[in-house]
Amino acid sequence: MITCKTSREIGGMGHPIKRKEDIRFIQGKGRYVDDIKLPGMLHMDIVRSPYAYARIKHIDASEALKIPGVVAVVTGKDLEKYNLHWMPTLMSDTQMVLPTDTVMYQAQEVAAVIATDRYTARDAKEAVRVEYEPMKPVVDPYKALEPDAPVLRTDKEGKTDNHIWHWEVGDREKTEAVFRSADVVVKEHMHIPRIHVVSIETCGCVADYDKVNNHLTMYMTTQAPHAIRTVIALVAGHLGLTEEKIRVISPDIGGGFGGKVPVYPGYVIAIAVSFLTGKPVKWIEDRSENLQADSFARDYHITAEMAATREGKILATRFKVLADHGYTDAAANPSKFPTGLFSIGTGSYDYDTAFMEADAVYTNKPPGGVAYRCSFRVTEAVHAIERLTDSMARALGMDPAEFRMKNFIKKEDFPWKSPTGWTYDSGDYHAGLKKAMEVIGYDDLRREQAEKRKKGELMGIGISTFTEIVGAGPSRDFDILGIKMFDSCEIRVHPTGKAIARFGTKSQGQGHETTYAQIIAEELGIPAEHIQVEEGDTDTAPYGLGTYASRSTPTAGAAAAVAARKLRDKARKIAAYLLEVSEEDLEWEPGKFYVKGAPEKAKTIQDIVFAAYTNHPPGMEAGFEATHYYDPPNLTFPSGAYICVVDIDKETFEIKIRRFVAIDDCGNIINPMVVQGQVHGGLTQGLAPAMYEELIYDEDGNILNGTLMDYLVPTAVESPRWETGHTITPSPHHPIGAKGVGESPTVGAPPAIANAIVDALSVYGITHLDIPITPYKIYEALKAKGVIED
Amino acid sequence: MQTTISNTFFIEEPIDKVWASLSDPMEVVTCVPGASITEKIDDTHYKGAVTLKFGPVKAEYAGEIEILESDPSAHRLVLKGVGLDAKGKGQAEMTMNGHLAEKDGGTEVSFTMDVSIVGMLAQFGSRLINDVSDHLLKQFVSNFKAKLSGGEVDNTASAGSIARSVLKEKVGGLFRKEG
């Protein structure tokens, strides 16, 4: 039950107010990077490699340069003169901006064509002749580790294999001992497929270098504008572009989902060309370039094992991961976490023994992997534990709901320390699953399933009860390139009581303009509609590390609450002065301070703010502004209980999701309408890899589904009717008790769907199918089991 | 992307006549849709070009053909073609094993082609490559028969015609009545 402390007029937390930003979006008045048109602007297009692995013998741009309107063709050799042909990745690896001699994946940037208009640039791209000497690529990550595999990163001195790093956490020996003596052990090999975020807006930028003032304005589709400014200064500082000379503006963004965190070569080339020509340069990817070249997500091969007692008590888990990173580790994780927060994979269950290890390899595929609507590899971890939990329940002959209930961490045991070192802040897993089972009518469904099985019909019920880990993160552990992962808010209240609030985060559709305003309205009593939220301009916004990993509410949302509380403290002082009483005699209710016992003696927040500019107390600083940089003491741990029901056609193996109930616990809710919208979108993006999406490469490194004709993104047509609900377990350490919700559904949905499908097929002895689970995959699996013939 | 195309067809011509045409690249290539010989280097090496248009993708492969084996007595022919797209969009490689046998007074031609395509065409046409190959093959067979009987040869391979024919065959197949 959501209770609101503020009136509907103030519109603080809990009110389902409509999103302020939608007024412009639904009228087509959003301003995206491609809407930016500057005088004299040049356009860039990129020549890409048809090969997954090849030597570049020669690039002949002469025909392209003859085309009227073509200004230049830039190659790696050109960039090499400025030492801009390589750049660092966020994971301390290196990535080519443009190659000087070797291409490492199909669709890699090879040269850039600059022209006076976009069409000429595209035509001229076709006229650039590149001579390649193709080489046999390394595509399979397991083969990449074999001793005779060719070493791909010959640019790295002394590199003798394709291994990138090894990571481990937990107690190996203790885990092995538990596994040796356990009653029951289950093991599954899983591939969490390589997928793409497919944001509706592709990536792009307008780099505008002003030679006279030695100043760069970079309009860019980035989720983290401040971090980008610092990165540009680090990469291009030697050219005189120091940080005060750089302004990054992230305009409206049409979806990011982690794909707009990395720095792509196109951005750097555009900056270099603008720097050299002194003219603005626009680069906008097309749909296929976005899908084929930009950072992928996932691509974890996981061997997952669970040990339990015969009575159904989980004793330990063990995960071994092979991570395919493509030709460079361009993941976007916090520096100290090469596997991100994968170690959350011990799940929602109470046991104290676990061991996880991961090895990363180079292959001839695009680099990545980004945290696609996920706090850095949480989706992979949750899929592994939730699939494994079902396998164990099946091995024990227990109902998967009963098995979960038996093993959940109890509400009273929080804060709970996980065997991989996390301290879960709060949760009530039993309540969540109980609610989901009631809403969907679990017991009736199991009875129906038993009836259908007798008739030979395929019906499955799948559960996923996940624990998320979001809000990176506390400065003791979390940084990106050394910068701590705090986030910030600056509030300025104008004399008439209206405010502007600026943040270090950047909405890509999350609804910050509404939800941040509601947080401030909650704390200050200024109506949310009078609070303008602004993000994305590094010249005006306070420093912050941006929006991804569901971190905006846990970090910047907290900063907003704390900054607003600083202002409320000041308001109390001013009110005391105006009412001629002492501060202790004042009582706050949203929107005003009144004298205890004399509620008619009151000053509204608007009166108080006006006084801050017109009649401020002697000795007090005038004005009404506050800033806060919030460094979270811990991460937040949202959770959810999802139940999915599927029916599978026995002839065609078409999978129909009959029902899907999602009960989320994201702590206190800022705006239930925004949360519901986030959950709907996230569930659909969870359905995507469960049944449709996977980037497929053949043995030559050709991408076989590099267009949206072949890469299946589910739409409303494929989506079932999502039934959503919530339980509320506030975060004890977050100023407003919120936890973040953006990624929970993307993380929680795939195992619920996979578990339902496997449950339906378990009558044939199937215990696991890799996602995406398609009718064809079911056909193949049943053929392999001998259930059906060719 | 790799695919193997096998086919057997019958020609009502004596085996020696068929062999003479089939084993001479200068002759046989005129029947291959979109292909031409640009230069004869020696008796077993030729330079040639293949232009293929499929939808928005046009590939112009320039390459070499090498006759690896040509056995007139066994009527066996093995040749290999390697082509690079002129614009650097990809590479195609093909090894063909051909064999002729006398049958019912005519000749039975059977062959297997192992084709490997890397690059943009592989990307775009992965699902249709077999249909396109089938179509090109049919066109080749009809050209070859026509050539031997002194008829007209059509070796254009344009996007429109391939796409339309493939579509017609695919869609037609869906509605074709059994038997």
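We did not get these values from a lab; they are worked out from the coordinates using the rules stated. What you are looking at is a predicted structure, and each value in this text was computed from that prediction instead of being measured. For neighbour counting, all protein chains shown are included, and Cβ atoms are generated from backbone atoms with ideal geometry for every residue, glycine included.
Would you list A:F355, A:F503 from fewest to most Cβ contacts within 10 Å?
A:F355, A:F503
For the pair A:S335 and A:E311, what calculated FRET efficiency results from E = 1/(1 + (r/R0)^6), where r is the Cβ-Cβ distance and R0 = 51 Å, to the nearest 0.05? Step by step, r from the Cβ atoms, then E = 0.75. Working note: Debye formula, equal point scatterers on the alpha-carbon atoms of segment A:424-520, no solvent; log10 I(q)/I(0) at q = 0.12, 0.13, 0.25 Å⁻¹ is -0.74, -0.79, -1.25. Model label sites at A:A598 and A:K37, defined 7 Å from Cα along the beta-carbon direction, differ in position by 6.4 nm. Considering the dipole of segment A:470-606 built from charges on the beta carbon (Lys and Arg +1, Asp and Glu -1) around the Cα centre, which of A:G509, A:A499, A:L579 is farthest to its positive end? Of the options given, the answer is A:L579. Okay, which of segment A:734-763 sit inside 19 Å, backbone N to the point 7 Å along the Cα-Cβ direction of A:K656? Under 19 Å, as judged by backbone N against the label point of A:K656, lie A:753-754, A:756-761 of segment A:734-763. Converting phi to 3J(HN,Hα) with the Karplus coefficients 6.51, -1.76 and 1.60 and the offset θ = phi - 60°, segment A:313-325 yields 9, 5, 10, 6, 9, 9, 10, 10, 10, 10, 9, 8, 9 Hz in sequence order, with x at every glycine or proline. Counting only the Cα atoms, segment B:59-121 fills a convex hull of 85 Å³ per residue. Rounded to two decimals, the Cα-based Rg/Rh of segment A:302-448, with Kirkwood Rh, is 1.02.
Spin-label model, B:V78/A:A622: points 7 Å from Cα along the beta carbon direction are separated by 9.4 nm. For segment A:129-175, the equivalent ellipsoid derived from the Cα gyration tensor has semi-axes of 32, 13, 10 Å, listed largest first.
Ratio of Rg to Rh for segment A:482-607: 1.05 [Cα atoms; Kirkwood radius as inverse mean 1/r over pairs]. In plain terms, the C-alpha convex hull of segment A:145-210 casts an average shadow of 11.2 nm² when viewed from every direction. Averaging the Cα positions of each part gives two centres, and for segment A:557-576 and segment A:304-337 these lie 43 Å apart.
Applying 1/(1 + (r/R0)^6) with r as the Cβ-Cβ distance of A:M709 and A:D539 and R0 = 41 angstrom yields a FRET efficiency of 0.45. The aspartates and glutamates within cross-link reach of A:K57, meaning a Cα-to-Cα straight distance under 13 Å and a gap of 8 or more places when in the same chain, are A:D101, A:E131, A:E133. When you work out D = kT/(6 pi eta Rh) for segment B:90-151 at 20 °C and 1.002 mPa s, using the Kirkwood radius from C-alpha pairs as Rh and the Stokes-Einstein form, the result is 156 µm²/s.
Between B:T3 and B:A86, the modelled labels are 2.4 nm apart [label points 7 Å from Cα along Cα→Cβ]. Kirkwood hydrodynamic radius of segment A:698-790 from all distinct Cα pairs, in Å? Kirkwood radius, segment A:698-790: 17.2 Å. Taking all C-alpha pairs of segment A:463-531, those more than 20 Å from each other amount to 48 percent. Based on the reciprocal of the average 1/r between different C-alpha atoms, the Kirkwood radius for segment B:1-99 equals 14.6 Å.
Seen from all directions on average, segment A:192-271 presents a Cα convex hull projection of 5.7 nm². Between the residues A:I200, A:T652, A:P16, the greatest Cα displacement towards the positive end of the dipole of chain A, with unit charges on the Cβ of Lys, Arg, Asp and Glu, is found for A:P16. This ranking places A:C4, A:C666 by how few other beta-carbon atoms lie within 10 Å of each, fewest first, which gives A:C4, A:C666.
Residue order for A:V747, A:V713, fewest other beta carbons within 10 angstrom first, comes to A:V713, A:V747.
The convex hull drawn around the Cα atoms of segment A:111-250, when projected onto a plane and averaged over every direction, covers 16.2 nm².
Derived value for the protein assembly as shown: Kirkwood hydrodynamic radius 31.0 Å. Basis is the mean of 1/r over every pair of different alpha-carbon atoms. Note: segment A:211-251, Cα convex hull, 60 Å³ per residue. Counting every C-alpha pair in segment A:239-391, the share spaced more than 26 angstrom apart comes to 43%.
Our helix-only sum for chain A, with -39,500 (n - 2.57) per DSSP H run of n ≥ 4 divided by its residues, gives a mean residue ellipticity at 222 nm of -8000 deg cm²/dmol.
Rounded to whole Å and sorted largest first, what semi-axes of the equivalent ellipsoid does the C-alpha gyration tensor of segment A:651-709 yield via the square root of 5 times each eigenvalue?
33, 18, 9
Relative to the compact-globule estimate of 2.2 N^0.38 Å, the Cα radius of gyration of segment A:232-288 comes out at 1.24. Using the Karplus relation 6.51 cos²θ - 1.76 cosθ + 1.60 with θ = phi - 60°, the per-residue 3J(HN,Hα) values for segment B:43-51 come to 5, 10, 10, 9, 9, x, 9, 10, 10 Hz, with x marking Gly and Pro.
Once you reduce segment B:1-60 and segment A:483-537 to the center of their Cα atoms, the two points are 69 Å from each other.
Please give the FRET efficiency for A:H680 paired with A:T277, using the beta carbon to beta carbon distance and R0 = 41 Å, rounded to the nearest 0.05.
Rounded to the nearest 0.05, the efficiency is 0.35.
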